[in-house]
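Take a look at the structure set out below.
Coordinate-derived values only; no laboratory data. If you're wondering where the values come from, they're calculated on a predicted model, not measured in any experiment.
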Amino acid sequence: MGDGGAGPPGREPTVRTTSRLAAGVALGLLSVAGCGSSGGEQDAATTATTSSSAASEGALAVADSDLGEIVVDAEGRTVYVFDRDTAGSGTSTCADACLATWPAVTVEGEDTPQVEGVTGDVGTIDRDDGTRQVTLGGLPLYTYAGDSDAGDVTGQGVQGIWWVVSPDGAKVTDAAAPGSGTEPAPPTSQEPSPEPSPGPSSEPPPVPGY
């Protein structure tokens, strides 16, 4: 009777096979869940990196220079204001060839410009090309193509209308240090001074010969 209660001998392998199959499915599900979690972490890390990069666009900071403390962009390049722009007008008068020499400091999307040490009023304006240009004290900001390294101020005073900016937004009109590469002022037109006329000779007259 004990042997008959255990059931037919052929059923035991079937139970073992089913158990192994269930265990395999469970392990498979755990493996898929683990991969999904890893992918989510990677996606989150990628998103964070992208957001961090976007936030650095158009950032302003303060740096020391021959002209004192001035405002620079995220790459340390000196920023300038243009006398032909009007503060608070919401527009820039620099375009085409001007913009090729004086690139606008821009910010991506709807991001607020990030600043460090800048106390002036920072904002943005919409340019005709669809970009958003950063402003300080209501004036659009530019860099200068002639500045080859971070901290260069070779655009200072160019044509008497381009100026670096202090952290409070005021333009700096001091002359740059010698050798900074600023453009010299055009020569002043003057009439040449007349040559002085020769005065009477102070030498005694020649003595007649004997």
Between residue 168 and residue 111, what length comes free when the chain is fully extended (0.36 nm per residue of separation minus the Cα-Cα distance, one decimal in nm)?
18.4 nm
3J(HN,Hα) from dihedral phi, the range 141-150, Karplus parametrisation 6.51/-1.76/1.60, rounded to Hz, x for glycine, proline:
10, 9, 9, 10, 5, x, 7, 8, 10, 4
Distant-in-sequence amide H partners of residue 60 (H built 1.01 Å from N, under 5 Å):
114, 115, 116
Output ³J(HN,Hα) for the range 82-92: one whole-Hz value per residue in order, computed from phi by the Karplus curve 6.51 cos²θ - 1.76 cosθ + 1.60 with θ = phi - 60°, and x for Gly and Pro.
10, 4, 7, 7, 10, 4, x, 6, x, 9, 10
